[in-house]
1. Run ARG163 past the list (1) at pLDDT below 80; (2) basic (Lys, Arg); (3) over 30 Å from LEU107 (Cβ atoms); (4) open to solvent by less than 70 Å² (accessible area, probe 1.4 Å) and report the number of the one that doesn't hold.
2. Determine the pairs where a residue that is over 19 Å from ARG195 (Cα atoms), located within region 213-236, has a partner that is part of a loop (DSSP other than H, G, I, E, B) and open to solvent by less than 50 Å² (accessible area, probe 1.4 Å) with Cβ atoms under 6 Å apart, the partner being 6 or more residues away or on another chain.
3. Give region 77-122 a look and list any residue that's of a type in the set (Ser, Thr, Tyr) and farther than 18 Å from GLU53 by Cα, or say none.
4. Among the residues that make up region 264-280, is at least one of them open to solvent by less than 80 Å² (accessible area, probe 1.4 Å), at pLDDT below 75 and within 18 Å of ARG447 (Cβ to Cβ)?
5. Could you list, in sequence order, all residues of region 350-369 that are over 14 Å from GLY450 (Cβ atoms) and not small (Gly, Ala, Ser)?
6. Within region 45-63, which residues are charged (D, E, K, R), over 60 Å from the mean Cα position of the chain (by Cα) and open to solvent by 50 Å² or more (accessible area, probe 1.4 Å)?
7. Is it true that SER138 is outside any helix (DSSP H, G or I), under 30 Å from SER38 (Cβ atoms) and open to solvent by 40 Å² or more (accessible area, probe 1.4 Å)?
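The values are calculated or read from the model by the stated rules, or taken from the named source; none is laboratory data. Please read all numbers here as calculations on a predicted model, not as lab measurements. Note: ideal-geometry Cβ built from the backbone for every residue, glycine included; neighbour counts use all protein chains shown. The accessibility values were calculated without ligands, DNA or RNA, using every heavy atom of the protein model including side chains. Shrake-Rupley method; radii C 1.70, N 1.55, O 1.52, S 1.80 Å.
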Amino acid sequence: MNRFLQLWRTSTVRLTATFILIFSLFAILLLAFITWQSSVLIQRQQADDIDREVRVFQRIDANQGVRALAFALERISRAPGPGVYYLGDASGQYLLGNVTDIPANVLIEPGIHSFDYERANPFIDPPDENAPPRPEKSGFAVVRSVELSNGMRLVVGRDVVERRGFSAIIVQSFLFGVLGIILFSIIAGGVTARRVLKRIDTIRDTSTKIMSGNLSERVPVTRRNDEFDGLATNLNAMLDRIEQLLQGLKQVTDNVAHDLKTPLTRLRNQAESALRDGADDEARRQALETTIAESDRLIQTFNALLMIARAEAGAPSGALSDVDVSAVVADVAELYGPVAEDEGIEVETAIVEGVHLHANRELIGQAMVNLLENAVKYAKPEGEGQGRITVGLRQHDGRVLIEVADNGPGIAEEDRKRVLERFVRLEKSRSEPGSGLGLSLVDAVTRLHGGTFRIEDNAPGVRAVIDLPGA
């Protein structure tokens, strides 16, 4: 009982029950209409047969006389079948036919009548030639009574007991049909509801396992490619994204704990050394300057994290506007020109003018700053040689490509995707300044604008490409 109540609470079972009810009612009404139409058709057919025979007898009487009428009536009365025939004189007395007794009102009033009758067996002759046939069968008849041109009374009809038998067969078929429809609907509805509930239970069981901590579980997808498979595909994509975000969060947490522990330890040690007895003013000043420098680095790291989170969360309403990307790229390249020259690096530009995008100017500028800072840091070829950075902006097949290339040592192909993760630094010693968040921010900003960020081989060096959809 509890199981039934639980099933009844589900929308699938209730919708299936509603469908069964509607389908059964429609089918029952349709069968009832067919039954009624069949009965009406039989009645109409019998009435047409009666009228046709009456017209035939009237035509025989008018054209060939009463003797021919009597002969025709006698012959058809002896034939087996549901026909009811009676011919009487002007006063209604029996002359011919297979019915010996007709109610007086039928003979007096021409028209359609119905009554109980006793029908004679036409194959058994009466003992006296002049006596009417002996009644052998009783029934219920629908007849038409007419008065012939010579005043004689003619009654032609049909026994409706046979028709009622047909009607009973039709009603019986109707009842069996209704029972079959109800049983079929229940079975079909039960199978359908079971299949639907089974798919829903699969999704529920998977979600239960995921909530228990098994994030690798996924909703099974069948080959039917129905709406449940579409839902399962979307859910699996969502679960993949959630798992990816959680793994990223775990990685970020680990990296933050690792990368911030060292500067915080240095801050504490500097403060502790400044507070020691015997420390002179110069030592305290140096400790404070080191503390400020380390604090600035920590603030930059947190600002980068906040900016990445802001980019990954999506741009708020009104944050995107029409931006002259050519001007933004040119300004950042010009800004870092002197910095690169101080490091002995030559900066070249190939920027197409007048390129506009629906973008966030601040984030695009910050992405360019990060790329140029990395290029300046690593655009020094191994051995002797001139460092070179190329900043480019071009349009290709409806896309806007922002490129920053250098001729440094480059990045191995297997590391080009890993460096986009937060706090990843290929320098094992971590002696160079930086937090490993620069390229992560560039990737987040690019995805915010609907583009892709990739790192390619510049042979030698690295080419960083921001690929954005055109305006």
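1. It is condition (3) that ARG163 fails.
2. Partner pairs satisfying both residue conditions: LEU235/VAL219; ASN236/VAL219.
3. Step one: of region 77-122, the residues of a type in the set (Ser, Thr, Tyr) are 77, 85-86, 91, 94, 100, 114, 117.
Within region 77-122, SER91, TYR94, THR100, TYR117 meet the criteria.
4. Looking for residues that are open to solvent by less than 80 Å² (accessible area, probe 1.4 Å), at pLDDT below 75 and within 18 Å of ARG447 (Cβ to Cβ), one finds none in region 264-280, hence no.
5. ILE351, VAL352, GLU353, VAL355, HIS356, ARG361, GLU362, GLN366, MET368, VAL369
6. Initial filter on region 45-63 (charged (D, E, K, R)): 48-49, 51-53, 55, 59, 61.
Imposing the further condition that a residue be over 60 Å from the mean Cα position of the chain (by Cα) reduces the set to 51-53, 55, 59, 61.
Answer for region 45-63, where residues must be charged (D, E, K, R), over 60 Å from the mean Cα position of the chain (by Cα) and open to solvent by 50 Å² or more (accessible area, probe 1.4 Å): ARG52, ARG55, ARG59.
7. On the way: outside any helix (DSSP H, G or I): yes; under 30 Å from SER38 (Cβ atoms): yes; open to solvent by 40 Å² or more (accessible area, probe 1.4 Å): yes.
Yes.
A quick yes/no check of all residues on (1) farther than 22 Å from MET238 by Cβ; (2) at pLDDT 80 or above:
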{"position": "GLY180", "(1), (2)": "yes, yes"}
{"position": "ILE186", "(1), (2)": "yes, no"}
{"position": "ALA193", "(1), (2)": "yes, no"}
{"position": "THR202", "(1), (2)": "no, yes"}
{"position": "SER207", "(1), (2)": "no, yes"}
{"position": "ILE210", "(1), (2)": "no, yes"}
